[in-house]
Amino acid sequence: MKIIAGIYKNFNIVTSKQLNYRPTKSRVRKSIFDRLMPYNYNRVLDLFAGTGIMGFEAISRGSRCVTMVERNSKSASLIKKNCQKFYNVQINVIKKDVFKFFNEKYEADLIFADPPYGLYDYDIIVKSSIKKLSKNGKFIMECNDNIYNSVGMDQFNVGDTKLYMYTKS
């Protein structure tokens, strides 16, 4: 898997077919980051990080502090190995359940959430994530099409992927 844009464009992110995750497709990543232009998000939180690709894309585009939360030990370990490719940026890999992480004090300018489809209460993820946003921060959640209906969030589809975006005022 490759980073699609920014200073680390075409850097290879090592993944494993033996791990049970669903990385965000490159066309979905492109659509998300195109909507975030001009990009000025320093503190990024990647929830249900999986491969960490969203956090790595954020680093490539200029983020200086990225926290990736992933409960699977093997996935978190692989993210840490990939982190060694990046310099002059603070990357935190937290091996913890996202819902336990919500109890910690943390604030971010941009939060990505890509929970396993259909396994969690999306309302809890949305409300808990929004509490962690800084003023003018953005929250983006990826779902499969028509699985969640939220009022007050922008929605857009990229193929069979539905994305929700919220900006904290």
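The values are calculated or read from the model by the stated rules, or taken from the named source; none is laboratory data. Because the structure is a prediction, the values reported are computed rather than measured. Note: ideal-geometry Cβ built from the backbone for every residue, glycine included; neighbour counts use all protein chains shown. Ligands, DNA and RNA are excluded from the accessible area calculation, which covers all protein heavy atoms including side chains. Shrake-Rupley method; radii C 1.70, N 1.55, O 1.52, S 1.80 Å.
Kindly provide the set of residues from region 87-101 that are of a type in the set (D, E, K, R) and within 11 Å of ASN72 (Cα to Cα), ordered by number.
Listed by number, the residues that qualify are LYS95, LYS96, ASP97.
Just to be sure before I move on: is ILE32 surrounded by fewer than 24 Cβ atoms within 10 Å (Cβ to Cβ) and part of a helix (DSSP H, G or I) in the structure I sent?
Taking the combined requirement at face value, the residue satisfies it.
Answer yes or no: is there a residue in region 99-121 that is out of contact with any His (no Cβ under 8 Å at 6 or more places or on another chain), acidic (Asp, Glu), in contact (Cβ under 8 Å) with a residue 40 or more places away in the chain and surrounded by fewer than 14 Cβ atoms within 10 Å (Cβ to Cβ).
Yes, region 99-121 has at least one match.
Only one residue in LYS162, LYS168, LYS132, LYS138 is modelled with pLDDT of 85 or more, more than 16 Å from the chain's Cα centre (by Cα) and open to solvent by less than 60 Å² (accessible area, probe 1.4 Å), so which one is that?
LYS168
List the number of the failed condition for SER73; all other conditions in (1) open to solvent by 10 Å² or more (accessible area, probe 1.4 Å); (2) of a type in the set (Ser, Thr, Tyr); (3) within 16 Å of the chain's Cα centre (by Cα) hold.
(3)
Here is a check on your reading of the model: is ILE91 in contact (Cβ under 8 Å) with a residue 24 or more places away in the chain, among the β-branched types (Val, Ile, Thr) and open to solvent by 50 Å² or more (accessible area, probe 1.4 Å)?
It is false that ILE91 is in contact (Cβ under 8 Å) with a residue 24 or more places away in the chain, among the β-branched types (Val, Ile, Thr) and open to solvent by 50 Å² or more (accessible area, probe 1.4 Å).
Condition first: surrounded by 12 or more Cβ atoms within 10 Å (Cβ to Cβ) and either modelled with pLDDT of 90 or more or over 19 Å from ASN40 (Cβ atoms) (or both). Now tell me which residues in region 146-159 satisfy that.
The answer is TYR148, SER150, MET153, GLN155, PHE156, ASN157, VAL158.
Which residue pairs have Cβ atoms under 9 Å apart, sit 6 or more places apart or on different chains, and have a first residue in region 28-41 that is modelled with pLDDT of 95 or more and a second that is assigned to a helix (DSSP H, G or I) and surrounded by fewer than 16 Cβ atoms within 10 Å (Cβ to Cβ)?
Short answer, once both residue conditions are applied: none.
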